[in-house]
Amino acid sequence: MTTSEHIEHSEHIDSDTGKLGMWLFLFTELFLFGGLFIVYAVMRSKYAADFHHAALELNVLIGATNTVVLLVSSMTVAMSLTAIQQKQKNLAIGLIFITLILAGVFMVNKYFEWGHKISLHLYPGSEVMKTLPHGEIMFFGLYYMMTGLHALHVIIGGILLTIVMMRISSGKINQEHYLLQENGALYWHLVDLIWIFLFPLLYLIT
Amino acid sequence: MNNTSATVPLNYLNHKTGLWSWLSSTDHKRIGLLYLYSITIFFCVAAVLGLLMRIEKFAPGPTIMTAQTYNGMFTIHGIIMIFIVVIPGLAAVFGNIFLPIMIGAKDVAFPKLNLFSWYIYITGACLGLYSQFANGHSPDTGWTFYVPYSAEASSNVVIALTAAFVLGFASILTGLNFIVTIHRLRAPGMTWFRMPLFPWSLYATAWIQLLATPIVGITLLMVIAERTLQIGFFDPTLGGDPVLYQHLFWIYSHPAVYVMILPAMGVVTEIFPTFSQKPVFGYVPIVFSSLAIALVGYFVWGHHMFTSGMSYESRWFFSFLTFLVAIPSAIKVFNWLSTMYGGSVDLKPPLLYAISFIFLFTIGGFTGLTLGSLATNIQVHNTDFVVAHFHYIIFGGMGFGFFAGIHYWYPKIYGRMYNFKWANIAWGFLFIGFNILYFPLFIIGIQGMPRRYFDYDPKFQTGQMISSVGAVILVIGLIGMISNLVYHVRRGAIAPANPWHGVTLEWQIPSPPPHENFDEVPVITHGPYVFDNPHTKND
């Protein structure tokens, strides 16, 4: 029957085709965040002093820790790809597992960071926030929107890598067919890349 | 169906039957038909809303509805028509059905993603419809969702915004699929410049979908955050900037106009050579004008905001680029006309629609330049002139392009032929009704009739009345056209594989096409428009 051929055909999309699709998708993700970067740029030039004050509220140490955590996780996910190409299945699983742990560390840090701000009533719509100047309200609005959207991408990336890990262990991803793992790693690098932009914009430029 | 399948050769329509075989199909042709049916349903809903609005405006003062109902109607009419009907429109329907066939492929690059996109699309479409009815507060912001009003209005704006966001996602994934398909799946020998021009226009369209849609996605998310989390990106009382919203919105929504019109241009570019039996005039210029429209069209968004508060420099720059984008559009018009010149022109319904496309698109294009000039823009901004211009482009252009396409490819899609006489009469009603409906709006627009107003000064009544009469004629034409097409899906005469003597690949396979399109992979040895006609010269 032609259908069975057809399904098999679509399950192993040729690797270059699959990667081209992923790269295009990553472009759209960059444009998605690009919209926020434009708003950031406009608002920063409009309220330079307020942005300066508000940015001092952010904890550079936690931000820097999370940057290191994500950079290391990007490395481990890349290493897992090399491992699968060299037929080291267990090493690949282990490295993805480390990546997932690091993603968890990132999210826990984020949780404490947000929790601390919220305990200080620094969240949109709070009474404290309403007393702040416009620029500071805008900074925190952007802070929550940008890091929130980024955190959502961390979660999606984590789910994707979990699926990759399960497929490696079941043998569906192997030395010949590792397109999904490659795309998962590409996505994870994007998560990392966007953070590399968010960190200086929000934490370092004061 | 089972009885007939023994006699009728297996094709994509009958190789499997049952509702689930359609809803779970990754066959690009079936997905295209799913889009066709859903788009047609939503088009009819929004067309009825449009007709009701026109009836309301037949006389000044409240006629059949309240002002608030009217506000909801023009908003939902806009949201459905723009986001659910014309943006997916030609690309999702004819692109899905014919792009793989025309480049000699078995399917798109990611068939499962293609089906998934349709489900996303349907989710967004249902959300859009739901926003009209939930709690009896249909959104009243207009399809542009301008802040600060959209941040404050008590109607279902969040649902409508979410709908637009979800639909944008479907659009991105379709564009992505098409780009990869064109890059990777062309048949052996089909070089870029041996590709037919409809795939080329889809290629340009797909890049706009991919690069512009995320911007509106994040913008809509920011308005949602503004309403639900009280983050004031665009609300001036919280320090936000409403003009910034307009920029971000039009960065997508102007290129979106080209997402609508480029595939329509691609369709008529296929029709003119076929019905003139003559190679398309100026293949390469048409290719590059498509790409130029996509590229320049990305940078003209500011012309929607000439009166919103922009620096003089930005205004003349956007105005200049707007005039620039008219050049590739005009190149295409010249090419279409020159394609017909000296050919053996056969005035069948598809060509009739394609010629009316040129006529209406040209009127829409020229009035676009009126709007793109800084001085005249101030006079006609936000008047019915804009409404008329817009409908000449979108309905007269994209709509008639779609009608041309469906009449052109109908025999290929269903293996049956519709009734020509019926189609011609319906075309007459559509074309005449269209002009009676929209042309008076140019005039009362120049006289100062604002758009989106429920009521009007009695001095505009003549124009409004004529326009409303046109709406009724147009709807009669629509009913005639759709019933002709629907009726003949099962009852029409059996169509041959190549009823129009077309030369592109879709005409070289049986009608309807087999499930996997080609029995053997086609090998391409020449350009797409080579005719055997001894009276005309081939390239």
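For q = 0.16, 0.17, 0.19 Å⁻¹, what log10 I(q)/I(0) does region A:36-204 give under the Debye formula with an equal point scatterer on each alpha carbon and no solvent?
-0.87, -0.94, -1.09
Going Cα to Cα from B:LYS106, which aspartates and glutamates come in below 16 Å? Please leave out same-chain ones fewer than 8 positions away.
Within the straight-line limit of under 16 Å, B:LYS106 reaches these aspartates and glutamates: A:GLU5, A:GLU8, A:GLU11, A:ASP14, B:ASP27, B:GLU506, B:GLU516, B:ASP519, B:GLU520.
Within 10 Å of each Cβ in peptide A:27-40, how many partner chain Cβ atoms are there on average? Round it to a whole number, please.
On the way: counts 5, 14, 1, 2, 11, 7, 2, 5, 12, 5, 1, 7, 11, 0.
Partner-chain Cβ atoms within 10 Å, mean over residues of A:27-40: 6.
Rank-order B:165-171, B:480-486 by packing density, defined as the average count of other C-beta atoms within 10 Å over each peptide's residues, highest first. Present the calculation step by step, with values, prior to reporting the outcome.
Numbers: B:165-171: 24.3, B:480-486: 17.9.
Descending packing order for the listed peptides: B:165-171, B:480-486.
With the dipole of chain B worked out from charges on the C-beta (+1 for Lys and Arg, -1 for Asp and Glu) around the Cα centre, which of B:GLN447, B:GLY492, B:ALA59 lies farthest toward the positive end?
Positive-most Cα among the choices belongs to B:GLY492.
Out of A:MET43, B:MET417, B:TYR149, whose Cα points farthest toward the positive end of the dipole of the protein assembly as shown (charges: +1 Lys, Arg; -1 Asp, Glu; placed on Cβ)?
Ranked along the dipole, the leading option is B:MET417.
For the interface of chains A and B, what total accessible area is buried with a 1.4 Å probe, rounded to the nearest 100 Å²? Before the final figure, lay out each step's value.
Values: alone 11190 and 20930 Å², together 28900 Å².
Chain pair A/B: roughly 3200 Å² of buried accessible area.
How far, in degrees from 0 to 90, does helix B:28-56 lean away from the longest principal axis of the Cα atoms of chain B, to the nearest 10?
On a 0 to 90 degree scale, this one is about 40.
For region A:113-206, which GluC sites (Glu not before Pro) are both in a DSSP coil and crowded by at most 16 other Cβ atoms within 10 Å?
Numbers: sites: A:GLU113, A:GLU127, A:GLU136, A:GLU176, A:GLU182; in loops: A:GLU176.
Counting only loop positions with at most 16 other Cβ atoms within 10 Å, the GluC sites (Glu not before Pro) in region A:113-206 are A:GLU176.
Mind checking B:513-524 for the average number of partner chain beta-carbons within 10 Å of each residue's beta-carbon?
On the way: counts 0, 1, 3, 5, 0, 0, 0, 0, 0, 0, 0, 0.
Counting Cβ atoms of other protein chains within 10 Å of each residue's Cβ and averaging gives 1.
Determine the shielding of peptide B:222-233 by partner chains: average, over its residues, the number of Cβ atoms on other chains within 10 angstrom of each Cβ. Could you put the intermediate results ahead of the total?
Values: counts 6, 0, 0, 6, 3, 0, 2, 7, 8, 12, 6, 8.
For peptide B:222-233, the averaged partner shielding equals 5.
Per residue, what accessible area does region A:36-204 have, given a 1.4 Å probe and all protein chains present, in Å²? Before the final figure, lay out each step's value.
Numbers: 7500 Å² over 169 residues.
Accessible area per residue, region A:36-204: 44 Å².
Quick one: if you stick a label point 7 Å off each Cα along the C-beta vector at B:SER311 and A:THR162, how many nm between them?
Spacing of the two 7 Å Cα→Cβ label points: 5.0 nm.
Can you give the accessible area per residue of region B:447-497, in Å², using a 1.4 Å probe? Working shown, then result.
Working: 2680 Å² over 51 residues.
The answer is 53 Å² per residue.
What's the angle, to the nearest 10 degrees (0 to 90), between helix A:89-119's Cα axis and the longest principal axis of chain A?
Compared with the principal axis, the helix lies near 20 degrees.
Please tell me the relative contact order of region A:36-204 in percent, rounded to the nearest whole number, where contacts are Cα pairs under 8 Å and at least six residues apart. Mind dumping the intermediate values first?
Numbers: 160 pairs, mean separation 58.5, N = 169.
It rounds to 35 percent for region A:36-204.
Hey, how many Å between the Cα centroid of region B:286-332 and the Cα centroid of region B:160-199?
24
Give me the percent relative contact order of chain B, please, defined on Cα pairs under 8 angstrom at least 6 residues apart.
Working: 921 pairs, mean separation 96.3, N = 539.
In percent, rounded to a whole number, it is 18.
What angle do you read, to the nearest 10 degrees and between 0 and 90, between the alpha-carbon axis of helix B:349-372 and the longest principal axis of chain B?
30
Could you sort the peptides A:81-92, B:292-303, B:393-404, B:350-361 by per-residue average Cβ neighbour count (10 Å cutoff), highest mean leading? Let's see the in-between values first.
Values: A:81-92: 16.2, B:292-303: 21.2, B:393-404: 25.8, B:350-361: 23.2.
Per-residue Cβ counts within 10 Å, averaged per peptide and sorted highest first, yield B:393-404, B:350-361, B:292-303, A:81-92.
Could you provide, to the nearest whole Å², the per residue accessible area of region B:251-379 with probe 1.4 Å?
Per residue, region B:251-379 has an accessible area of 35 Å².
At 7 Å along Cα-to-Cβ for each site, give me the label-to-label distance between A:VAL108 and A:HIS121 in nm.
So the label points at A:VAL108 and A:HIS121 sit 3.1 nm apart.
So how far, in whole Å, is the C-alpha centre of region B:445-491 from the one of region B:20-85?
14
Taking Cα pairs under 8 Å and at least six residues apart, what relative contact order does region B:400-477 come out at, in percent?
Details: 63 pairs, mean separation 33.1, N = 78.
Over region B:400-477, the number comes to 42 percent.
Calculate log10 I(q)/I(0) of chain B for q = 0.08, 0.09 Å⁻¹, where I(q) comes from the Debye formula with a single equal point scatterer on each Cα and nothing for solvent.
-0.50, -0.64
With n ≥ 4 as the cut-off for DSSP H runs, can you work out [θ] at 222 nm for the protein assembly as shown, using -39500 (n - 2.57) per run divided by the number of residues, rounded to the nearest 500? Kindly include the intermediate steps, with their values, before the conclusion.
Values: 25 runs with 504 residues, N = 745.
That comes out to -23500 deg cm²/dmol.
At a 1.4 Å probe radius, carbon and sulfur cover how many percent of the accessible area of region B:29-508? Kindly include the intermediate steps, with their values, before the conclusion.
Details: 11290 of 15630 Å².
Carbon-and-sulfur percentage of accessible area, whole number: 72.
Note every residue of region B:174-212 with a reduction of at least 30 square angstrom in accessible area, all protein chains present versus the isolated chain, computed with a 1.4 Å probe, or write none.
B:LEU176, B:VAL180, B:ARG184, B:LEU210, B:LEU211
The values are calculated or read from the model by the stated rules, or taken from the named source; none is laboratory data. This is a predicted model, so every value here is computed, not measured. Glycine also receives a Cβ, built like all others from the backbone with ideal geometry; neighbour counts cover every protein chain displayed. Note: areas computed on protein heavy atoms with side chains; ligands, DNA, RNA excluded. Shrake-Rupley method; radii C 1.70, N 1.55, O 1.52, S 1.80 Å.
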